[in-house]
1. Listed residues Val118, Val113, Val99, Val172; which is in a helix (DSSP H, G or I) and out of contact with any Gly (no Cβ under 8 Å at 6 or more places or on another chain)?
2. Take Thr142 and decide whether it is closer than 24 Å to Gly2 by Cα, β-branched (Val, Ile, Thr) and crowded, with 16+ Cβ neighbours inside 10 Å.
3. Among the numbered criteria (1) under 22 Å from Ser18 (Cβ atoms); (2) modelled with pLDDT under 90, which single criterion is violated by Pro123?
4. I'd like the residue in the stretch 181-210 that is within 18 Å of Leu29 (Cα to Cα) and aromatic (Phe, Trp, Tyr) and, out of all such residues, is surrounded by the most Cβ atoms within 10 Å (Cβ to Cβ).
5. What residue, among those in the stretch 68-87 that are in contact (Cβ under 8 Å) with a residue 24 or more places away in the chain and over 21 Å from Gly4 (Cβ atoms), is nearest to the chain's Cα centre (by Cα)?
6. Looking at this structure, is Gly178 crowded, with 19+ Cβ neighbours inside 10 Å and farther than 28 Å from Asp46 by Cα?
7. Can you tell me which residue in the stretch 98-132 is surrounded by the fewest Cβ atoms within 10 Å (Cβ to Cβ), limited to those that are free of Cβ contacts under 8 Å to residues at least 60 places away in the same chain, of a type outside the set (D, E, K, R) and over 18 Å from Leu29 (Cα atoms)?
8. I'm trying to understand the selection: among the residues of the stretch 190-205, which are in contact with a Leu (Cβ under 9 Å, 6 or more places away or on another chain) and touching a residue at least 60 places away in the same chain (Cβ under 8 Å)?
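The values are calculated or read from the model by the stated rules, or taken from the named source; none is laboratory data. Everything numeric here is computed off the predicted structure, so don't read it as measured data. Glycine also receives a Cβ, built like all others from the backbone with ideal geometry; neighbour counts cover every protein chain displayed.
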Amino acid sequence: MGPGPFLLRVGAVSFLLSATAFVTGVAALYRAEGPNAPNLWVYLADPSGRAVLDLASKALTVAVLLWFVGIAIISMTLPPAAESAARLARYLAAIAAAVFVGFLSLQFALGAVLDEGVSPESPEFRALVLQAHAAADWGGWTGIVLLAAALLLLGAALARQAARRATGWSAVVLGGLGLALIPIGFGFLFTILAAIWAVIAAIDLFRGGRASGRT
């Protein structure tokens, strides 16, 4: 048996909240680190700048954790024949969530360090900014690959179910597009693709995953 009505609703709501948090987090991150933004240590010297980066860190943390909850629940609606793909997708999403929380914690620490009285102009703080930025780059690429792989696995399994082909193929397309964005330097846009698919997946779960082989 697949998840009951309550869990299906939990998964759907998790996906919707995740989509909102992804968009909020990316918008805040773009404001703090976009092409027209000053050096991050200059931006963080202003309390309003620290508030924006704090929002980005918290929103993206919430987004990736809720996305994992949604992935875990929607994977439970797959038929027994797709159990291996469902399990691997859950594992990949769980690892990705841990990676995201790891580098977002370093980003969150930037504001916390300044709140403790460290000068944003100090060499130590600039070194911390560079370290956090490098961790975000490497962790972000790694997390995106893991999340995209989870999408591809789920999408391939969902696409085999007649009533869920739109959910499945959209996962395959968006997951593949997310991977393609990494080499050209736009991997961060995968968060928007993940938000789009989260809405599609939420609709699928609100419909009760009626085509599931487990229900």
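1. Val113
2. no
3. Unmet condition: (1).
4. Per the criteria, the residue is Phe190.
5. Ranking the qualifying residues of the stretch 68-87, first place goes to Ala85.
6. Considered against the rule, which asks whether it is crowded, with 19+ Cβ neighbours inside 10 Å and farther than 28 Å from Asp46 by Cα, Gly178 comes out as yes.
7. Selected residue: Gly117.
8. Thr191, Ala194, Ile196, Ala198, Val199, Ala201, Ala202, Asp204, Leu205
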